[in-house]
1. Between the stretch 19-47 and the stretch 129-188, what is the C-alpha centre distance in whole Å?
2. When the helices in the chain are scored as -39500 (n - 2.57) per DSSP H run of 4 or longer and the sum is shared across all residues, what 222 nm value do you end up with, to the nearest 500 deg cm²/dmol?
3. Packing-wise, with mean Cβ within 10 Å as the measure, how do 8-15, 105-112, 48-55 rank, highest first?
4. Tell me the net charge near Phe136. Cut-off is 15 Å between Cβ atoms, Phe136 excluded, with +1 for each Lys or Arg and -1 for each Asp or Glu.
5. Please list, short to long, the whole-number percent of alpha-carbon pairs of the stretch 1-90 in consecutive 10 angstrom bins beginning at zero.
6. Beyond 20 Å between alpha-carbons counts as too far, so tell me which of Lys2/Lys50; Lys53/Lys75; Lys116/Lys182; Lys2/Lys63; Lys29/Lys50 fall in that bin.
7. Could you grab the Rg to Rh ratio for the stretch 2-187? Cα atoms only, Kirkwood for Rh.
8. Debye sum, Cα scatterers, the stretch 52-116, no solvent: what log₁₀ I/I(0) at q = 0.14 1/Å?
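Nothing in this text is a laboratory measurement; each read-out follows from the coordinates by a stated rule. Note that this is a predicted model, so its numbers are computed, not measured. Every residue, glycine among them, receives a Cβ derived from its backbone with ideal geometry; neighbour counts consider all protein chains shown.
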Amino acid sequence: MKLELRRQFMHFLFGSAIIALVTFLEVQKSLFVLITLFITGLVFSFAIKKGAKIPVISAIVKKVERNYEKHLPGKGALLFFLGAIITIILFQEKTIVLGALCTVVYGDSASTVFGKKFGKHIIAGKRTWEGTIAGFLAALFFLSFLFPLQIAIITALIGMLAELLPFDDNFTIPIAAGIALKALAALA
């Protein structure tokens, strides 16, 4: 449980930083920064795998890495950054990108923490109703600052349902949320 709490804290922290980046910079400039960070992360990952001790980075990776990710140090963070990059490339419109990122950052963090702590009723894999509902509420809270309530509800629901798919949720959640937001904007 401590490992997942540390991971989700990092997910929340870096995700909030990415959201702030997109909020205060143009989307294209944010994309450039994220690609640069992703490439830097890949370089660090390969260096750590080869035995390099990179101050601060090596310690963080060691504290948050799951056993099955040791073949690619920092895999979770790399996939998270890649998911944000793909989201920006696919949707490009600032509010849609922000909504999709809020859904994955806050919804996924809440669903994991609450699911691990309070989850009793399995939906799919290791996902629980309790975690999914917490993720929905967290995503809804943040989305409601950006969109009308009905759009926030539908997007949060679709995002958390996408978490149940058998793919990495760093991709499924923001892409599904972005598609929902794009479609709902077209209907409005």
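1. 23 Å
2. Calculated at 222 nm, the ellipticity per residue is -24500 deg cm²/dmol.
3. In decreasing order of mean packing, 8-15, 105-112, 48-55 become 105-112, 8-15, 48-55.
4. Overall, the nearby charge balance is -3.
5. All Cα pairs considered, the percentages come to 16, 47, 30, 6.
6. Numbers: Lys2/Lys50 27 Å; Lys53/Lys75 17 Å; Lys116/Lys182 32 Å; Lys2/Lys63 10 Å; Lys29/Lys50 32 Å.
The answer is Lys2/Lys50; Lys116/Lys182; Lys29/Lys50.
7. Here Rg/Rh amounts to 0.97.
8. Here log10 of I(q) over I(0) equals -0.56.
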